[in-house]
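K.L.:
A single structure is presented below for examination.
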Amino acid sequence: MSGREFRVGEGWDVHRLVEGRRLLLGGLEIPFERGELGHSDGDVLLHALIDALLGAAALGDIGAHFPPSDARWKDADSLLLLARTVALVDAEGWRIVNADCTVVLERPRLRPHVEAIRARVAAALGLEVGRVSVKAKTAEGLGPIGSGEAVEARAVVLIDRVR
């Protein structure tokens, strides 16, 4: 490990759930009557990953790169935002080692979708699936997440210097 440089980044996002929007997690549409309210497509999992990557590489945060005040990002596909972020991290000489993600949502139950979400996230990050963890949790009925008003995601990434 001598001479190697590693960094850890942490990201978090939360969005209100509203009718008339799609529920997107990790780029996968989950069947549900409500979806995330956001300037882009609202994918909280990808937004948390973007913040984790930018934080690890000390490149700011999602709002600095894709501000909600910029009409270019209105209803933007978060997979595109993640691809741009991965390119930024790569351009700075970093390689993504792994990602560990948690989605907190009271319903719908995510367990049936976890493997598909993992596969999409891994592909978007350029990683093998074994380097991406996605966990589904509930808030046990507590707070806005537990009452079904919102969805939350957290992500931790490890990157290492390649040049």
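K.L.:
For Asp13, Asp90, which order do you get if you count the other beta carbons within 10 Å of each Cβ and list the fewest first?
P.N.:
On the way: Asp13 22, Asp90 15.
Ordered by Cβ neighbours within 10 Å, fewest first: Asp90, Asp13.
K.L.:
Can you tell me the relative contact order of segment 6-161? Whole percent, Cα pairs under 8 Å, sequence separation 6 or more. Before the final figure, lay out each step's value.
P.N.:
Working: 361 pairs, mean separation 52.0, N = 156.
Rounded, it is 33 percent for segment 6-161.
K.L.:
Also, I was wondering about something else. Report, in whole Å, the centroid distance computed from the Cα atoms of segment 17-40 and segment 110-132.
P.N.:
So the separation of the two Cα centres works out to 18 Å.
K.L.:
Top mean-square fluctuation among Leu23, Leu45, Leu88, Gaussian network model of the chain, C-alpha springs under 10 Å?
P.N.:
Of the options given, Leu88 has the highest mean-square fluctuation.
K.L.:
Something else now. Of Glu33, Glu106, Glu152, which has the largest mean-square fluctuation in a 10 Å C-alpha GNM of the chain?
P.N.:
The residue that fluctuates most here is Glu33.
K.L.:
Calculate, for Ala91 and Arg111, the FRET efficiency according to 1/(1 + (r/R0)^6) with r their C-beta to C-beta distance and R0 45 Å; round to the nearest 0.05.
P.N.:
On the way: r = 37 Å, r/R0 = 0.81.
FRET efficiency, Ala91 to Arg111: 0.80.
K.L.:
Once you list every other residue whose beta carbon is under 12 Å from the beta carbon of Leu53, what net charge do they have if Lys and Arg are +1 and Asp and Glu are -1? Working shown, then result.
P.N.:
Details: positive: Arg7, Arg84, Arg95; negative: Glu10, Asp51, Asp61, Asp90, Glu92.
Net local charge, Leu53 excluded: -2.
K.L.:
Quick one: among Ser133, Ser69, Ser40, which has the greatest mean-square fluctuation in a GNM of the chain with alpha-carbon springs under 10 angstrom?
P.N.:
Judging by the Gaussian network model, the answer is Ser69.
K.L.:
I would also like to ask the following. Rounded, prolate or oblate: which fits segment 58-153 when a ≥ b ≥ c are the square roots of the eigenvalues of the alpha-carbon gyration tensor, with rounded for a/c under 1.5 and prolate only if a/b beats b/c?
P.N.:
Because a/c hits 1.5 or more and a/b fails to exceed b/c, segment 58-153 counts as oblate.
K.L.:
What is the angle, in °, between the Cα long axis of helix 78-91 and the longest principal axis of the Cα atoms in the chain? Nearest 10 is fine, range 0 to 90.
P.N.:
10 degrees
K.L.:
Sticking with this one: Helix 44-56 versus the longest principal axis of the chain: what is the Cα-based angle in degrees, 0 to 90, to the nearest 10?
P.N.:
20 degrees
K.L.:
Here's something else I'd like to know. Which part of segment 45-79 falls in the paramagnetic zone of His39, meaning amide N under 12 Å from the point 7 Å along Cα-to-beta-carbon?
P.N.:
So the set is 62-76.
K.L.:
Sticking with this structure for a sec: Once you list every other residue whose beta carbon is under 14 Å from the beta carbon of Arg111, what net charge do they have if Lys and Arg are +1 and Asp and Glu are -1?
P.N.:
Numbers: positive: Arg107, Arg109, Arg118, Lys135, Lys137; negative: Glu106, Glu115.
Every neighbour counted, the sum reads +3.
K.L.:
Would you mind counting up the charge near Arg120? Only other residues with Cβ under 15 Å from its Cβ, with Lys and Arg at +1 and Asp and Glu at -1.
P.N.:
Numbers: positive: Arg22, Arg118, Arg131; negative: Glu29, Asp41, Asp43, Asp77, Glu115, Glu128.
My count for the surroundings of Arg120 gives -3.
K.L.:
Specify the angular offset, from 0 to 90 degrees and rounded to the nearest 10, of the alpha carbon long axis of helix 114-125 from the longest principal axis of the alpha carbons in the chain.
P.N.:
Result, in degrees: 40.
K.L.:
What is the ratio of the Cα radius of gyration of the chain to 2.2 N^0.38 Å, with N the residue count, to two decimals?
P.N.:
Values: Rg = 15.4 Å, N = 163, 2.2 N^0.38 = 15.2 Å.
Dividing the Cα Rg of the chain by 2.2 N^0.38 Å gives 1.01.
Throughout, read-outs are computed from the coordinates displayed, never taken from laboratory work. The structure displayed is predicted, hence computed values, not measured ones. Cβ coordinates were reconstructed from backbone atoms using ideal geometry, including for glycine residues, and neighbour counts include every protein chain displayed.
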